[in-house]
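Enquirer: The structure is given below, and queries will be raised subsequently.
Quick note: the coordinates plus some simple rules give every number you see, no bench work behind them. In this text the structure is predicted, and so the values were computed from the model without any measurement. Counting neighbours? That spans all protein chains shown, and the Cβs are built from the backbone with ideal geometry, glycine included.
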Amino acid sequence: MLPRKPLLAALALTLFGGTAQAADEVVVYSSRIDELIKPVFDAYTAETGVKVKFITDKEAPLMQRIKAEGENGVADLLLTVDAGNLWQAEQMGILQPIKSDIIDQNIPPQYRASSHDWTGLSLRARTIVYSTERVKPAELTTYEALADKHWEGRLCLRTAKKVYNQSLTATLIENHGEAKAEQIVKGWVGNLATDVFSDDNSVIQAIEAGQCDVGVVNTYYYGRLHAQNPKLPVKIFWPNQGDRGVHVNLSGIGLTKHAPHPEAAKQLVEWMTGEKAQKLFADINQEFPANPKVKPSAEVAAWGSFKADSIPVEVAGKRQAEAIRLMDRAGWN
Ligand code: FE
């Protein structure tokens, strides 16, 4: 991994790294933690001899850093989670399109930017979880129905500040229009059993502890807690199977505008959408491969198959500002 260097040192690395080696490495700025990405990059290096250097940090500072580095940019690729974040990077003008038939064949269009500035690599559903002790699955139907009186004082949610909930709300607006979406979100807030939580694990743990009966979380958080405790009295429910389907979001990657090694970076992204990398990348974090030809792990498959919302996930970005305002009006903290 590339240590964090001041700009000058990073620049020197680019300038004096030598052009002979230039195509033999790719530099990735990643908001995903080392454990999730290192095995994938190691496999690529083993197969191709191309080194992948990466810096990990939160997405906002990484994006600012790419912007600040400008034409002297060190990063070839930005790897992060949520279409809302990738869309932000696109709006900041720090990405450039990758034109690739391989990526277009491997990843369905709803999981890519229409601008080709980024592509999804793995998928996660943001779905309903429920207490197996206090809820029968037959009581559950849709995200919208969590606003019903039936769930008064029984719902747990994560904070509205998290992009995952902003993206969920953005797709709600896309599906129902603003007025109805606001009514639904107000219903959720009105049904809260407790203050909102700072993370998804706490939502699941609150259901386990009896503080609430239902919640909305990303599937891999459930997967991790379930792996630690197979007797976890909480289960996944797939909502909206009779209409639009489950809200699916992604982790994804984009080529930076001033990438020093654009061709090598493109080849890495193409490889990451292929079968071997997809399997490795998705399985490490209990996610779904974005390439539909690749099967999820047995653990993930055990949650059952479901119909996913076919809405292009970039809607999460396009309507993010609207979603944040709506959540604020609805009192979702
Ligand atoms: Fe997460």
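Enquirer: Could you state the orientation-averaged shadow area of the convex hull built on the Cα atoms of the chain, in nm² to one decimal?
Expert: 16.4 nm²
Enquirer: How large is Rg over Rh for segment 48-128, taking Rg from the Cα atoms and Rh as the Kirkwood inverse mean of 1/r across Cα pairs?
Expert: Dividing the radius of gyration by the Kirkwood radius yields 0.97.
Enquirer: State the extension gain, in nm to one decimal, for the chain segment bounded by Asp42 and Glu275, taking 0.36 nm per residue of separation less the distance between their alpha-carbons.
Expert: Full extension of this stretch gives 82.3 nm more.
Enquirer: Okay, moving on. Would you order Trp118, Trp87 from fewest to most other beta-carbon atoms within 10 Å of each residue's own beta-carbon?
Expert: Lowest count first: Trp87, Trp118.
Enquirer: Another question, then. May I ask you to sort Glu69, Glu314, Glu275 by Cβ crowding, counting other Cβ atoms within 10 Å and putting the fewest first?
Expert: Ascending Cβ contact count within 10 Å gives the list Glu275, Glu69, Glu314.
Enquirer: Would you work out which of Val269, Ala147, Gln96 lies farthest towards the positive end of the dipole of the chain, given +1 charges on the beta-carbon of Lys and Arg and -1 on that of Asp and Glu, about the Cα centre?
Expert: The residue sitting most towards the positive pole is Ala147.
Enquirer: Let me ask something else. Distance cut-off 26 Å, Cα to Cα: go down the list Lys58/Lys161; Lys161/Lys276; Lys58/Lys257 and report the pairs above it.
Expert: In this structure, Lys161/Lys276 exceed 26 Å between Cα atoms.
Enquirer: Projecting each Cα onto the charge dipole of segment 112-206 (Lys/Arg +1, Asp/Glu -1 at the beta carbon, about the Cα centre), which of Leu157, Leu123, Ser198 comes out farthest on the positive side?
Expert: Checking the options against the dipole of segment 112-206, the answer is Leu123.
Enquirer: Near Lys231, which aspartates and glutamates are there with a Cα under 17 Å away, not counting those fewer than 8 places off in the same chain?
Expert: List returned: Glu133, Glu208, Asp213, Glu299.
Enquirer: What whole number of Å gives the distance from the Cα centroid of segment 163-183 to the Cα centroid of segment 277-297?
Expert: Taking the Cα centre of segment 163-183 as reference, the centre of segment 277-297 is 28 Å away.
Enquirer: Moving on to the next point. Mind listing which GluC sites (Glu not before Pro) in segment 75-140 are in a DSSP loop and have 13 or fewer other Cβ atoms within 10 Å?
Expert: Glu133
Enquirer: Give the cross-link partners of Lys235 among the lysines, using a straight C-alpha distance below 24 Å as the criterion and excluding same-chain residues fewer than 8 apart.
Expert: Leaving aside lysines fewer than 8 places away in the same chain, those within reach of Lys235 are Lys136, Lys149, Lys162, Lys295, Lys307.
Enquirer: Determine the dipole magnitude for the chain: charges of +1 sit on the beta-carbon of Lys and Arg, -1 on that of Asp and Glu, nothing else is charged, the reference point is the Cα centre, and the result goes in debye to the nearest 20.
Expert: Roughly 340 debye, rounded to the nearest 20.
Enquirer: How do Lys161, Lys279, Lys136 rank when sorted from fewest to most other Cβ atoms within 10 Å of their own Cβ?
Expert: Neighbour counts put them in this order, fewest first: Lys136, Lys161, Lys279.
Enquirer: So, in nm, how far is label Arg329 from label Arg224 when the simple model puts each one 7 Å beyond its Cα toward the Cβ?
Expert: 3.5 nm
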